[in-house]
Number of protein chains: 2
Amino acid sequence: MRRTPFDTMNCSLANALDQIGDWWTLLILREVIIGCDRFDGIQAALGIARNILTVRLTKLVEHGILERQSISPGGKRTAYRLTEKGGELLPALLALMQWGDRWISGKGREPMIATEAATPRRLPRLILRDAKGKPLGAADIRFRPGPGARPATKSHLDRLQRSRKG
Amino acid sequence: MRRTPFDTMNCSLANALDQIGDWWTLLILREVIIGCDRFDGIQAALGIARNILTVRLTKLVEHGILERQSISPGGKRTAYRLTEKGGELLPALLALMQWGDRWISGKGREPMIATEAATPRRLPRLILRDAKGKPLGAADIRFRPGPGARPATKSHLDRLQRSRKG
C-alpha cells in the first residue's frame, strides 16, 4: 500500500500524511466523526470496497487514530471510536472541509455544516492567528528549522531564508 | 490520474481532496509556502519525478491554487505563487503539520517551525473554538445538513442524529 517514502521524510506534514494513508481515510474519519461508526455503515456511506475499508480501518487502529469498541454484550458488534490522537485531526479535517465549502461548493451551497453540540450555531472558520489572536495570511508567516531538523532540512530552509532577503 | 468520484460527492471535504489531488501536492504547496517556488527547486527538494511534478503543478494552476509568474525580463524563468485560494489552504496544511509534530515527531523534535514573519515566535496550535473562543474537542461538535445537502446526505445525517438521541 505504501508507495512513498513519506514516513522517513524530515517533515511532520509528510509523516502525518503517511499515517493518514490516503484520501479515503479522511472520508472514513469524517464518517466516524459524524457518528457513522460501524463497518457496515461506513461501507454503505462511502460505497468503498469491503476489503479496502478493512485495510484502512486496520491501519487507523494500528496507528492509534481509531480504536475498536465492543458495543454488544458478547463483543460481536464493534464500533470505531476516535482516540485522542484521532480527535486531534479534526482541525485539519474541518479546515479542508471549510476550504472546499468556500472555494468549491460555494457560499450557500455547503453540503454539511459543523456546529457546536449544544446549539445550531456554525463553528467559526479556522484561520491562522498570531499569539494575540490577530489573523495572519500566507505572507505573514515564515518557517524556520525546528529542533528535529536534519542537516538537509536546515540548509534548505537557511538557503530559502537568505534568498528571500537577498 | 483521477481514480475516485471525489469530485461528484456531496461533501466539501471530498471535493477539496479531489482538487488537491494527492499527498505530493501538499508537499509541493509546502515548498511554495516556504519560498521554494521554482520548478527545479521543488523537484530537487522533493526528489519527485519531473513528469509527475509537471502534471501536479499544471493541475494546481488549472484549479487556481497556484499561478505562474514570470520572474525574468524575457519571461523565461517562472516562479509559482499561491493565489488567494491556495493561500487559504494554509490552515489545513499547518493543522496537519502540527498534528504530525505532536503525534509523530514528538515535542522537541519538530523538523520545522512556523512563526510570524516579524518575530521568531511560534504560531499557536490551530484548535477548534466556538464563536466565543472556547476550545472545542471532537465530542463538542455536530454536523447538520447544509443548504447544499442532497437528499442522501440529508437522510444520512438525520438518521445518525436520531440514533445518537435514541
Counted residues, the stretch A:96-135 - those being over 22 Å from B:A152 (Cα atoms), more than 7 Å from chain B (Cβ to nearest Cβ) and of a type outside the set (K, R): 4
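For the stretch B:103-125, give me each residue that is without any contact (Cβ under 8 Å) to a residue 12 or more places away in the chain, out of contact with any Gly (no Cβ under 6 Å at 6 or more places or on another chain) and not β-branched (V, I, T).
Filtering the stretch B:103-125 for residues without any contact (Cβ under 8 Å) to a residue 12 or more places away in the chain gives B:103-111, B:113, B:115-122, B:124.
Okay, now just the ones that are also out of contact with any Gly (no Cβ under 6 Å at 6 or more places or on another chain), so B:103-104, B:106-108, B:115-122, B:124.
Hits for the stretch B:103-125 are B:W103, B:G106, B:K107, B:G108, B:E116, B:A117, B:A118, B:P120, B:R121, B:R122, B:P124.
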Lone unmet requirement of (1) surrounded by fewer than 18 Cβ atoms within 10 Å (Cβ to Cβ); (2) outside the structural domain of B:L17 (by TED's automatic domain parsing); (3) not basic (K, R) for B:P73: (2)
Subset of the stretch A:143-158 that is under 22 Å from B:L90 (Cβ atoms) and free of Cβ contacts under 8 Å to residues at least 12 places away in the same chain - its residue that is farthest from the other protein chains (Cβ to nearest Cβ): A:H156
Some residue of the stretch B:3-14 being without any contact (Cβ under 8 Å) to a residue 12 or more places away in the chain, within 15 Å of A:A14 (Cα to Cα) and facing chain A (nearest Cβ under 10 Å): no
Selection within the stretch A:44-69 - surrounded by 13 or more Cβ atoms within 10 Å (Cβ to Cβ) and among the hydrophobic types (A, V, I, L, M, F, W, C): A:A44, A:A45, A:L46, A:I48, A:I52, A:L53, A:V55, A:L57, A:L60, A:V61, A:I65, A:L66
Qualifying positions in the stretch A:1-24 - β-branched (V, I, T) and either surrounded by fewer than 20 Cβ atoms within 10 Å (Cβ to Cβ) or farther than 30 Å from B:L46 by Cα (or both): A:T4, A:T8
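The values are calculated or read from the model by the stated rules, or taken from the named source; none is laboratory data. None of the values given here were measured: they were computed from a predicted structure. All Cβ positions, even for glycine, are placed from backbone atoms using ideal geometry, and neighbour counts span all protein chains on display.
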